[in-house]
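Participant: Here you go, one structure.
The values are calculated or read from the model by the stated rules, or taken from the named source; none is laboratory data. Just so it is clear, the structure is predicted and the values come from calculations on it, not from any experiment. Because the Cβ atoms are built from the backbone with ideal geometry, glycine has one as well, and the counts that use them run over all protein chains shown. Areas reflect the complete protein model, heavy atoms only, side chains present, ligands, DNA and RNA absent. Shrake-Rupley method; radii C 1.70, N 1.55, O 1.52, S 1.80 Å.
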Amino acid sequence: MKKWILCSLTGTFLALGADDWPQFRGPGGMGLGSETATLPTEFGPGEAQLWKTELPLGQGSPCVWGDRIFVTGFDPAVKKIEIIALDRKKGAIVWRRTVPATEIEKVHEISSPATSTPVTDGKLIYAYIGSYGLLAYAWDGTPVWEYPMGAAKSPYGSGTSPILVRDLVIVTRDYLPDPQMVAVGKNDGKLAWKANLTKSTQPGSGAAHATPALWRDQIILHRPAEVSAYASKDGSKLWWVNTNSSGTSTASIGDGVVYVTAFSVSGDGTVPRPPFSEVLEKYDANKDGKLSESELPARDLYLMKRAGVPDTIPGAQPFTLKFFFRRLDLNNDGFIDESEYNRADEFVRRMSTSAAGGLLSIRAGGEGDVSATAVEWAEKRNVPEVTAPLTYRGRVYMVTSGGIVSCVNAKTGRSIYRGRVNAPGTYFASPVAAGGKVFVTSAEGIITVLGGGETLEILANNDLGEAIYGTPALAESTIYVRSSQHLWAFGQQ
């Protein structure tokens, strides 16, 4: 028999099946399944596999409710984006609907126009497509309403998913020149309010990709250079904390605390550089004892780089001296001399300490700028750029590219353990947990199962043999995994 609980974390206040996973990162956006779930530890092709269904390319997560699973997909050959419903027990496609987009949004080279996760209240299915806008469907796939917004103009794609707050569907389009958050009625698709988001002053910022989170009646956004809260009734800005962050990962809420991985490449990525004399010998073409911008290499003399991310990942190449040339040329004479070169590390330190950064514990609430009072602790080491933190059993977990998992005490920030999970590579899926197990997923397709205790206990490394970008769904005692071209179900057979 299905057990029912009242879901107040998401603000929907509707009966939510304890066996469901209704949005990105599941009930309340917490990344937590049932503690009574008996999920398999070892699984993969042919092992504990209930079914596997071929799908168009996609990187969103599964949305699971009742007898249905909802995902997004993209066919690059015909530039078609779809919302797809599958039968939960058998994996068969029940219906699929084409999104009427006339323009496909520009996305990162390793991303997809189908990165968003649908959300449902068990009555309608709501989807955000960056190439089009918001759409709602009935359970049988009948279109109910649309709220067209045009193709998003974020430089790397939207990356966000919608959430439900009472009778509203909330989505952010947080990119320049007009960052905004939009709320439409979930029953009729009519605009309820639109909040214009403050433009960030952080150098190099301009777009956020995080999904909104909810604390009480406040919408929490992780944005470039800040974590901020907005009233769900009208979108007015309530309080904020200034950060040194790119605003990419989704916040996690637990016991009145906002946990967010405020990543900045300057915070954990300083790269040693050779002495100035060696640099001159190699790059000072006219031998004048200083370096012009044209003399500096485009792929050498790095100041900062993303830890654990291969240089071959598009858009993840290290930041070079050339990239920051004009900011390092302190006297504006068009050259970098030895004194300016030797102050490069100081420049990086200023960037990393200009505001709060790292895994942050922020006490929710307050009014206005609470940067000086709301941050309870910060963990600066091995902070991921994309993956969300997981709050589970009084601990906070985070996983960064390279397969490094950190576990800290949720109240104090004290490190409990840190180590590698024997699955290197990049990580885009966020950690999730249920039934005493923590699941971390690499883009290379390896799902590592960890014990939920005080030590790093690697129970299994499960290789699906296919890229995985979407966060798995842990619904009932089944693991649903959206790989690049398939949806998998693993559980007790």
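Participant: Which is farthest toward the positive dipole end of the chain among Tyr230, His486, Pro56, measuring Cα position about the Cα centre, with Cβ charges +1 (Lys, Arg) and -1 (Asp, Glu)?
Facilitator: With unit charges placed on the Cβ atoms, the residue in question is Tyr230.
Participant: Can you give the accessible area per residue of the chain, in Å², using a 1.4 Å probe?
Facilitator: Accessible area per residue: 39 Å².
Participant: Here is a further query. Just one of (1) 21.3, 71; (2) 21.6, 75; (3) 22.7, 80 is Rg and Dmax of the Cα atoms in Å as worked out from the coordinates here. Which one is it?
Facilitator: Entry (3).
Participant: Only helical DSSP H runs with n ≥ 4 go in: add -39500 (n - 2.57) per run for the chain, normalise by residue count and round the 222 nm mean residue ellipticity to 500 deg cm²/dmol.
Facilitator: -1500 deg cm²/dmol
Participant: Which order do the peptides 408-418, 79-89 take when ranked by the mean count of other beta-carbon atoms within 10 Å per residue, highest first?
Facilitator: In decreasing order of mean packing, 408-418, 79-89 become 79-89, 408-418.
Participant: For the chain, which whole-number percentage of the solvent-accessible area (1.4 Å probe, protein heavy atoms only) is attributable to carbon and sulfur atoms?
Facilitator: Carbon-and-sulfur percentage of accessible area, whole number: 50.
Participant: Looking only at the chain, where both bridge partners belong to it, what percent of the DSSP beta bridges are antiparallel (to the nearest 5)?
Facilitator: 95 percent
Participant: Read phi for every residue in region 244-252 and hand back ³J(HN,Hα) as whole Hz from Karplus 6.51 cos²θ - 1.76 cosθ + 1.60, θ = phi - 60°, with x for Gly and Pro.
Facilitator: 9, 9, 7, x, 8, 8, 7, 6, 10
Participant: Along the charge dipole of the chain, pointing to its positive end and built from +1/-1 on Cβ of Lys, Arg, Asp and Glu, which listed residue (Pro22, Ser246, Trp139) has its Cα farthest out?
Facilitator: It is Trp139, whose Cα lies furthest towards the positive end.
Participant: Here's something else I'd like to know. On a full-extension model of 0.36 nm per residue, what is the gain between Lys194 and Lys380, subtracting their alpha-carbon distance, rounded to one decimal in nm?
Facilitator: Here the answer is 63.5 nm.
Participant: Sticking with this structure for a sec: With label points built 7 Å along Cα→Cβ from the Cα atoms of Lys287 and Tyr417, find their separation and express it in nm.
Facilitator: Those two pseudo-labels are separated by 5.9 nm.
Participant: Here is the link list: Lys80/Lys153; Lys287/Lys322; Lys106/Lys194; Lys80/Lys106; Lys123/Lys153; Lys52/Lys89. Which ones come out longer than 22 Å on Cα distance?
Facilitator: Lys106/Lys194; Lys123/Lys153, as the Cα separations exceed 22 Å there.
Participant: Sort the following peptides by mean Cβ neighbour count (other Cβ atoms within 10 Å, averaged over residues), highest first: 451-463, 160-172, 29-41.
Facilitator: My ranking of the peptides, most packed first, is 160-172, 29-41, 451-463.
Participant: Give me the aspartates and glutamates in straight-line cross-link reach of Lys233: C-alpha distance below 12 Å, same-chain residues under 8 apart excluded.
Facilitator: Result set, ordered by chain and number: Asp167, Asp217.
Participant: Could you size up the charge dipole of the chain around its Cα centre, putting +1 on the beta carbon of Lys and Arg and -1 on that of Asp and Glu, and report it in debye to the nearest 20?
Facilitator: That gives a dipole near 960 debye.
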